[in-house]
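Undergrad: What follows is a single structure, and I will ask about it in a moment.
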Amino acid sequence: MIVEAASRLFFGSGFARVSMDDLARELGMSKKTIYRHFPDKRSLLAAVLDRQFAAVERTLVAATEDAEGQPFGVRVQRFLIAAGSELGRIGATQLATGRGDTMLRQYVEQRVDAVVYQRLDELFREGHRQGLLVAPPELLSEITRGALERLLMSELPRDLDWTAADLLRATVDTVLYGAIRPTGQGIDDEQPRAVIPTARDDEQEVGP
């Protein structure tokens, strides 16, 4: 009951703005009762985050299962959209990169890595094993991690009047298929998926 109420307040008003007095009033109990279960505010937040990351993990597992058998790009796209939505919902990126308790930031970073990024790494490794990717999976993971975290903290969705899901789809397309439109293709033409080369052809490289 305490964790559920703390979740509502922390994610509704922001962790820093909620005091233990606020929580006690919300629950209709004394702070002493809360402290009997959680010695401090940080330990309570850790319990809240454990609960939230468990929900994130369930969502990602469901998204992965739903995309089973789909083309590789669709699988990556659905995974990232689910991950971005869930991390944005709980404010994980802000907690991990913001000011405040160092141990708390490290905790959030470790949980994001275990729940989200290790799964993403394996997805790219699988694509590479299947011959679908020629770029190193480690590079794709780093690029995608950076884009995901940046988008979650960016004003770009508002500036472009796009949803976060739209931006994540565009990010996946850019990472996997490239951003340069072939010569002669119109703006409204459907963008073809890139044919991944099997070997480097120096004779056809474009010079500076």
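The values are calculated or read from the model by the stated rules, or taken from the named source; none is laboratory data. Quantities reported herein were computed from a predicted structural model and do not represent experimental measurements. Backbone-built Cβ (ideal geometry, glycine too); neighbour counts: all protein chains shown. Side chains are part of the model used for accessible areas, which takes the heavy atoms of the whole protein and leaves out ligands, DNA and RNA. Shrake-Rupley method; radii C 1.70, N 1.55, O 1.52, S 1.80 Å.
Undergrad: Quickly work out the VAL74-to-VAL134 label distance, labels modelled 7 Å from Cα along the C-beta direction, and quote it in nm with one decimal.
TA: 2.6 nm
Undergrad: Please list 82-88, 143-149 highest first by mean number of surrounding beta-carbon atoms within 10 Å per residue. It would help to have the intermediate numbers written out before the result.
TA: Details: 82-88: 21.3, 143-149: 17.9.
Ranking the peptides 82-88, 143-149 by packing returns 82-88, 143-149.
Undergrad: Relative to the present Cα-Cα distance, how much length would full extension add between SER13 and MET103 at 0.36 nm per residue of separation?
TA: On the way: separation 90, 0.36 × 90 = 32.40 nm, distance 2.18 nm.
Roughly 30.2 nm would be gained on extension.
Undergrad: Oh, and also: Check each of the GluC sites (Glu not before Pro) in the range 9-75 and keep only those in coil by DSSP with at most 15 other C-beta atoms within 10 angstrom; list them in order.
TA: Values: sites: GLU26, GLU57, GLU65, GLU68; in loops: GLU68.
Of the GluC sites (Glu not before Pro), the ones in loops of the range 9-75 whose Cβ has at most 15 other Cβ atoms within 10 Å are GLU68.
Undergrad: Another question, if that's okay. Within the range 15-92, list the trypsin sites (Lys or Arg not before Pro) lying in a DSSP loop whose Cβ has at most 14 other Cβ atoms in a 10 Å radius.
TA: Details: sites: ARG17, ARG25, LYS31, LYS32, ARG36, LYS41, ARG42, ARG51, ARG58, ARG75, ARG78, ARG89; in loops: none.
Passing both the DSSP loop test and the Cβ count: no residue.
Undergrad: Along the Cα→Cβ direction, 7 angstrom out, place labels at THR64 and LYS32. What is the inter-label distance in nm?
TA: 4.7 nm
Undergrad: Moving on. At 1.4 Å probe size, with no ligands or nucleic acids counted, give the accessible surface of ASP50 in Å², nearest ten.
TA: 70 Å²
Undergrad: Let me check the size of the range 75-174 from its C-alpha atoms; what are the radius of gyration and Dmax in Å?
TA: So, for the range 75-174, Rg and Dmax equal 14.0, 44 Å respectively.
Undergrad: Roughly how many Å² of HIS128 are accessible to a 1.4 Å probe, to the nearest 10?
TA: Surface open to solvent at HIS128 totals about 80 Å².
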